[in-house]
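The values are calculated or read from the model by the stated rules, or taken from the named source; none is laboratory data. Note that the structure is predicted; figures quoted are calculated from it, not measured. Ideal geometry is used to build each Cβ from the backbone, glycine not excepted, and the neighbour counts take in all protein chains shown. When the accessible area is computed, the model is the full protein with side chains, heavy atoms only, and any ligands, DNA or RNA have been set aside. Shrake-Rupley method; radii C 1.70, N 1.55, O 1.52, S 1.80 Å.
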Amino acid sequence: MRTPGFWYGSGGAAGAALGWGLAPLGALYGLAGRLRLAAGNPERAGAPVLCVGNLVAGGAGKTPVCIAVADALRARGATPAFLTRGHGGRERGPLAVDLSTHDSAAVGDEALLLAAHGPCWVARDRAAGARAAVAAGASVLVMDDGFQNPSLAKDLSLIVVDGAVGFGNGHLVPAGPLREPVARGLARAGAVVVLGEDRAGVERRVAGTLPVLHARLEPVEEARALAGQAVLAFAGIGRPEKFFATLEALGARVVERRPFADHHPYRPEEVMALMDRAASLGALPVTTAKDAVRLPDPLRALVRVVPVRAVWREPAALDRLLAPLLTALLTGVPNG
């Protein structure tokens, strides 16, 4: 679904009233989540588990952070594997993602992005996926999402927060973006990662309770060639406007913006309509790497893709967080 604007303050008084009106449903959602966590019996994976999650519905930038964390672990001698639910895909797993045979309809878009950077396992049953990944040789697991899933014990959980919008209007789904109350979620976390400029006061809110890391999403160097070019930008991610702003920061002239719902499955005729519109505007059709894997194969080459990567402001802060996890890896003693 497309993220409702009132979750993040748009809509004025009417939006605020809608949030408060839906608050009782949010309370029920929160109660269901609390009962689910309380009933869980977390299983140990046989290897350290680092969960990269968030407290809001929709994208906050978890997948690029997962890739950056796995790179850091690999640089320090670990053998990481990714573990994900495979949102939007039909496969239940446990299944090792094969880029030569699997598409987004099978395993979801995030799994394909992760698999381009290391072994990736899709599993609705996270504990079963963890067992399979460890049996295949993983020494540490990097779990994309699943912070609210109680089936697998986590050794370290990083909460990713979009610095532009923070925790939104403070209400639980459907009244707001929160999957659970902020205080309750932070109590189970090991650190917070603020992506982008902290315009929502996230660090101020978390200060004194958890370490706060800062990172930014940076387009790959090749994307700089878009400077000065007219583009038709389309994106089906949690907050498409983030992508549009990235293009503008690169110096591209965004002549038209086409937002779609997160994980939107593109139909061939839909993509062709975008191509025709771009041609009529004298513009390049441009999208995200996450969207690109959902485009029909024959049409993917017609679209310019702008991949991004997470870049840490202070890499040493990440090293300090990972040190106990790496110690647990070497000693075989679970962290915490």
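Values for this structure:
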{"quantity": "Top-ranked residue in segment 287-303 [being part of a loop (DSSP other than H, G, I, E, B), over 18 Å from Ile67 (Cα atoms) and of a type in the set (A, V, I, L, M, F, W, C); ranked as nearest to the chain's Cα centre (by Cα)]", "calculated": "Leu295"}
{"quantity": "Identity of the residue in segment 231-257, assigned to a helix (DSSP H, G or I) and of a type in the set (Gly, Ala, Ser), that ends up farthest from Thr63 (Cα to Cα)", "calculated": "Ala249"}
{"quantity": "Those helices (runs of 4 or more DSSP H) lying entirely in segment 48-159 with at least 1 residues in contact with a helix residue (DSSP H, G or I) (Cβ under 8 Å, 6 or more places away or on another chain)", "calculated": "62-75, 104-107, 109-115"}
{"quantity": "Every residue from segment 129-150 that is over 23 Å from Val161 (Cα atoms) and open to solvent by less than 20 Å² (accessible area, probe 1.4 Å)", "calculated": "Gly129, Ala130, Ala133, Ala138, Val140"}
{"quantity": "Flag if Glu197 is open to solvent by 10 Å² or more (accessible area, probe 1.4 Å) and either without any contact (Cβ under 8 Å) to a residue 40 or more places away in the chain or assigned to a loop (DSSP other than H, G, I, E, B) (or both)", "calculated": "yes"}
{"quantity": "Residue list for segment 68-86, restricted to those being in contact with a strand residue (DSSP E or B) (Cβ under 9 Å, 6 or more places away or on another chain), open to solvent by 40 Å² or more (accessible area, probe 1.4 Å) and farther than 15 Å from Ala136 by Cβ", "calculated": "Asp71, Arg74, Arg85"}
{"quantity": "Residue within segment 304-327 that is touching a strand residue (DSSP E or B) at 6+ places or on another chain (Cβ under 6 Å), assigned to a loop (DSSP other than H, G, I, E, B) and open to solvent by less than 30 Å² (accessible area, probe 1.4 Å) present", "calculated": "no"}
